[in-house]
Every structure is written in structure tokens, then in C-alpha cells.
Amino acid sequence: MIKVVNGEPVEMTQEEIDELRSLVTPTSPTIVDYEGAVQGMVDATAGERSYRSGDSLASFALSTNAKWAAEAQAFIAWRDNVWRYVFSEREKFLSGQRPQPTVEGFLSEIAKIAWPISS
């Protein structure tokens, strides 16, 4: 790593690099980070059944195809529970009732979907 001393580039010592790193604090995830990750998880879950997105899968809730309708209804119930959990837990860490998790840690707390059994 290079620093500038009297207008000249100078190689920094490891001690200087370590000191500089100690001054940098990692940024906590934002609400947008969590929401984007959760929405990505929702859409990826729909993709498990070859739907393009969560919105696409949900649109099959009243399908005349029983399998598609059952998948959509199970998905909608799961998706509602996911977002209910997200909003509830978000309020807890924003109010200091729980530590703020990493995005990855938060996603790991979310229950997996129980797909209907196909015939």
C-alpha cells in the first residue's frame, strides 16, 4: 500500500496498514440490503418449481391446473409468513431488542417452504 509524503509515493509499513485497517469499521447492513436479500430468496424459492419469480408463481393461485394452484397457494402462505417474520424481527433489531444479524444470518432464520405433495 502506498502513501504520499511530501508529494512523493512511499510504501507503507505493515504496522501503518494495520493501524489504518483498525480505523475502518464495517458497515452494518441496511434495510434495503435485508429486503433485497429476502426478495431474492422468495424469487429463488419460486424458481425451485421453475416459475420465473414469486409474482409469477402467486399468479397461479386460481389456476384450473390443480398442481399449479396448490403450489401457488402453498407459496403465498409461506411468502406471507416470511415477510411477517422479516418485519417483526426488523423491528426488534431496530429497537435494540436483539442484535442486528448479518444478512446471511437473517436469511438462515427464515423457515423453508413446505411444498404440496405432487400426485
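Structure notes:
- Complete set of residues in region 60-70 that are without any contact (Cβ under 8 Å) to a residue 40 or more places away in the chain and surrounded by 14 or more Cβ atoms within 10 Å (Cβ to Cβ): Phe60, Ala61, Ser63, Trp68, Ala69
- Subset tally (residues that are of a type in the set (Lys, Arg), under 25 Å from Arg49 (Cα atoms) and part of a helix (DSSP H, G or I)) for region 62-119: 3
- Residues being surrounded by 13 or more Cβ atoms within 10 Å (Cβ to Cβ), in a loop (DSSP other than H, G, I, E, B) and in contact with a strand residue (DSSP E or B) (Cβ under 8 Å, 6 or more places away or on another chain) - total across region 1-43: 1
- Annotation: of all residues in region 44-57 being surrounded by fewer than 17 Cβ atoms within 10 Å (Cβ to Cβ) and in a helix (DSSP H, G or I), the one that is farthest from the chain's Cα centre (by Cα) is Ser56.
Throughout, read-outs are computed from the coordinates displayed, never taken from laboratory work. Here the structure is a predicted model, which means the values were calculated and not measured. In this analysis, Cβ positions are derived from the backbone assuming ideal geometry, glycine residues included, and neighbour counts consider all displayed protein chains.
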